[in-house]
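Below is one structure, written out as structure tokens; comments come after it.
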Amino acid sequence: MARVKRAVHSKKRRRTLQERTKGYYGTGSRTLRGMKEQSRHSLQYQYRDRRNKKRDIRRLWITRINAAAHQNGLNYSLFMHGLKVAGVELDRKVLAQIAYEDAAAFAELAEIAKKANAS
């Protein structure tokens, strides 16, 4: 029976780790143990940040809407409440895009929200 030679697989595994950790500082890209740890942490950060990215984007939308609402004499909560009462069904992504690109259209939405809050 022939003996098992393992060099090909271990070198392939090491090469894969080297490719994955290329560019990291110090031990994270030089030693096998460091590459393994760095790779594991990197994958954990990647998994976590795919979820945090959604949170960060929503915060950006809210910040943009709030800034535009303040320019029109409202705060964020009154603006959103006014739109809800008026029956305007635009999500935060679209509202933020309107606030960023078209100040006149956002001013009209702010007036709708003011009228709805007044009644």
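Of all residues in the range 91-100, none satisfies being more than 26 Å from the chain's Cα centre (by Cα), over 18 Å from residue 117 (Cβ atoms) and among the hydroxyl-bearing types (Ser, Thr, Tyr).
Can we say residue 118 is modelled with pLDDT under 95, hydrophobic (A, V, I, L, M, F, W, C) and out of contact with any Ser or Thr (no Cβ under 8 Å at 6 or more places or on another chain)? Yes: the conditions hold for residue 118. Among residues of the range 93-116 that are at positive phi, none has a Cβ under 6 angstrom from a residue that is part of a helix (DSSP H, G or I) at a sequence gap of 6+ or on a separate chain. Taking first residues from the range 63-76 that are in contact (Cβ under 8 Å) with a residue 24 or more places away in the chain and partners that are in a loop (DSSP other than H, G, I, E, B), the Cβ contacts under 8 Å between residues at least 6 apart in sequence or on separate chains come to 69/75. Answer yes if at least one residue in the range 39-59 is more than 20 Å from the chain's Cα centre (by Cα) and of a type in the set (Asp, Glu), and no otherwise. Scanning the range 39-59, I find no residue that is more than 20 Å from the chain's Cα centre (by Cα) and of a type in the set (Asp, Glu), so the answer is no. Inspect the range 28-45 for any residue being touching an Asp or Glu at 6+ places or on another chain (Cβ under 8 Å) and either under 30 Å from residue 109 (Cα atoms) or not basic (Lys, Arg) (or both) and give the result as yes or no. Yes, the conditions are met somewhere in the range 28-45.
The values are calculated or read from the model by the stated rules, or taken from the named source; none is laboratory data. Computed from a predicted structure; not experimentally measured. Note: ideal-geometry Cβ built from the backbone for every residue, glycine included; neighbour counts use all protein chains shown.
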